[in-house]
Structure formats: C-alpha cells, structure tokens
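Note sheet for the following structure.
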Amino acid sequence: MKDIFDFGKKIDDYAVMGNPISHSKSPSIHTLFAEQTQQSVLYTAIHVDLGGFKQAVGNFVASGGKGLNITVPFKQEAWELVSSRSERAERAGAVNTIKIENDQLFGDNTDGVGLVNDLTINHGIELKNKNILLMGAGGAARGVLVPLLKQNPSSLFIVNRTPDRAKDLALDFFDVGNVQGGGYDAIAELKFDIVINATAASLQGELPPLPDTLLNDNASCYDMMYAAKPTPFMLWATEHNAVKVLDGLGMLVEQAAESFYIWRNIKPETKNVIEKLRAELNT
Ligand code: ATR
C-alpha cells in the first residue's frame, strides 16, 4: 500500500474510472472540493481497458484506495461488483460512486440527486406538482428516475424513439410515482412544465422530434449534456420561449459534491466550482 503524507496527515486516494477518461473533469472538481474543505484527498483519473474493470477495482482496493467514481461504460458492471447498494443505486441499475471500507464496496448513484439539486437549488425550479417530460429511456434516464419522482411531480412522462423501452422503464418505477412512457407521437397533444433531455441525441448533434406546442408558459428545459455551445435541444427550447434553458454542467458538479459527501461526510460548496468550469469551457 502506498502511503502519501501531507504535512504529517495521510492523503486518501480516490479516482474516477472510465473509458475514455482523459477528458474527465472529475479530478479538477474533486481537487477544488478538497482544497475548499481542507480534506487530504488525492483524486486521479484511471483509464480502464474494456474487460479489465473488476481487476482495476481490485488493484485500487488493494492499494488502499478509499473511493471511486465510475463512468461510461462501467456503471452497470460496478452495480454488479459492489457488495451493497443504496436504494437509489439499486433502482438505477447503475453505480457511479463506490465507497471502500474494510475492503467492502458500497455502491451509490448520485446522478439523480445531482440533477435534482441543480434544478431545485441552483436554478430555483420547483418539481413538486409539475408535469415533467423525460426524453430517453437508456441508462442516463433510468439513473435519475427515483430522485425525480421523489420530488412529487404531478406526472412524469418518459418519451423515447423506441416506445417500448419507455413503457418498460415506466413500469419499473410505477411504485415510486405517477410515471408513464411512450413514443413521440404520444406527446403530440401534451404540455409540460419541465423537459429534460436524457437521450444521446445531443452527442450526435441531433434533436428528438418535439411538437411545437410542447411547452407550458414558464417552462424550463434541461439538457443533461453540456458543451461550450448550446445543444440542438437548448436551441429548440430558446426558440420555443422556455424561460430557463440549462445544460448539464451543474449536474456534473452536483453529482460530484454528493459523492464527496458520501466519502468525506462534508458537503462542498458548488457555486464557485460550477462558475470556474463554465469559464474554462468558454475559453
Ligand atoms: P445512455 O446510457 O447514455 O442513456 P443508451 O442506453 O444507449 O445510453 O440510451 C440512449 C438513449 O438516447 C435512448 O433512449 C435512445 O433512444 P432509443 O432507445 O430509441 O435508441 C436515445 N437516442 C439516441 N439518439 C437519439 C436521437 N438521435 N433521437 C432521439 N433519441 C435518441
């Protein structure tokens, strides 16, 4: 086990594992959190070969590591690997945060709470009694459903290019809240207060087929992706008079803050970190 000391204080090792990983912002974010809260934390990025995830985690545990973030494409594998899970991770079917204690792996998923905190705390968007549209029915959508439904929206509709995936996903969560699923033709006559894009469409520079009448007055639109430029969905939202048009940078920082809290029992302040990342993105 490698022991690193900082002015006599042992530094605890954390890392993010993924493939690809070189562009991950997690090391910067957690280093800022550690400085801000004066925690002795070293956080690195580890590139893991496909097929090598279990071995990589084993090596990290053997070296005395305290915690991991897990990103694409290993979140489902992490879910299978951990010894215990939080309820939100259990239902998400994916783990993005591992806490290591006595060689045991506790798995959690902070993506959903990251999204909810960004919407409600950072942007003042109440979800209670609202009609929410969640676009996409893949892992990203599944990962945020429990925290969204726990905010008690009036309804949550999952819309997907492949309608059956949305219907199946809604069925999996019917016990948590009022959730339904279907294809884009099923939302032709519906209106929403909050529209969240959890599809991979923005990555491909594409826009899901949204009806022009989709938004209520005062609607907010949120793309879980982020980039220097607005995504096609964000441009659509602006053209359709959404009052708030947001990207997923805040969600990224908020999910990291929740992971940091799970590991260190201290909640870092996120506003300055989001601002710093935003400034870097725009340069
Ligand atoms: P992730 O883990 O990122 O959610 P995924 O499980 O592959 O990735 O899911 C991607 C989601 O984006 C799916 O809901 C997909 O729709 P299908 O289930 O019909 O494939 C959706 N998606 C991807 N590209 C899209 C596009 N151009 N327009 C609309 N939806 C798209």
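The values are calculated or read from the model by the stated rules, or taken from the named source; none is laboratory data. Everything quoted here is computed from the prediction, not taken from an experiment. We place every Cβ from the backbone using ideal geometry, glycine too, and count neighbours over all the protein chains shown.
All conditions but one from (1) closer than 30 Å to E258 by Cβ; (2) free of Cβ contacts under 8 Å to residues at least 60 places away in the same chain; (3) within 15 Å of the ligand (Cβ to nearest atom) apply to A186; the one that does not is (1). For K267, state whether it is more than 14 Å from the ligand (Cβ to nearest atom), outside the structural domain of F157 (by TED's automatic domain parsing) and loosely packed, with under 14 Cβ neighbours inside 10 Å. Criteria met by K267.
Conditions tested, residue by residue: (1) within 12 Å of the chain's Cα centre (by Cα); (2) crowded, with 24+ Cβ neighbours inside 10 Å; (3) away from the ligand (no atom under 16 Å from the Cβ).
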| position | (1), (2), (3) |
| --- | --- |
| V116 | yes, no, yes |
| I125 | no, no, yes |
| N129 | no, no, yes |
| L133 | no, no, no |
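Considering only residues in region 189-220 that are within 15 Å of the ligand (Cβ to nearest atom), of a type outside the set (A, V, I, L, M) and surrounded by 16 or more Cβ atoms within 10 Å (Cβ to Cβ), the one that is nearest to V116 (Cα to Cα) turns out to be N197. Annotation note: of L119, L50, L42, L105, the sole residue that is in the same structural domain as G139 (by TED's automatic domain parsing) and modelled with pLDDT of 95 or more is L119. One residue alone among A140, A166 is over 12 Å from I194 (Cβ atoms), near the ligand (Cβ under 9 Å from one of its atoms), in contact (Cβ under 8 Å) with a residue 60 or more places away in the chain and buried (at least 17 other Cβ atoms within 10 Å of the Cβ), and that residue is A140.
Criterion applied to A141, A94, A137 was being of a type in the set (G, A, S), modelled with pLDDT of 95 or more, out of contact with any Phe, Trp or Tyr (no Cβ under 8 Å at 6 or more places or on another chain) and assigned to a loop (DSSP other than H, G, I, E, B), and the one residue passing it is A137. No other residue among I158, I194 is free of Cβ contacts under 8 Å to residues at least 40 places away in the same chain and not in a loop (DSSP other than H, G, I, E, B) apart from I158.
Among the residues of region 186-221, write down those that are within 19 Å of L148 (Cα to Cα) and among the acidic types (D, E). Listed by number, the list holds a single entry, D193. From the list G93, G65, the lone residue that is in contact (Cβ under 8 Å) with a residue 24 or more places away in the chain, within 27 Å of F233 (Cβ to Cβ) and either more than 15 Å from the ligand (Cβ to nearest atom) or touching a Gly at 6+ places or on another chain (Cβ under 8 Å) (or both) is G93.
Here N272, N241, N218 are screened, and the one residue that is on the phi > 0 side of the Ramachandran plot and either touching a helix residue (DSSP H, G or I) at 6+ places or on another chain (Cβ under 8 Å) or not in a loop (DSSP other than H, G, I, E, B) (or both) is N218. Taking each residue of region 209-229 that is under 20 Å from N160 (Cα atoms) and looking for partners that are of a type in the set (D, E, K, R) and within 16 Å of the ligand (Cβ to nearest atom) with beta-carbon atoms closer than 7 Å, six or more apart or interchain, yields D223/D247; M225/D247.
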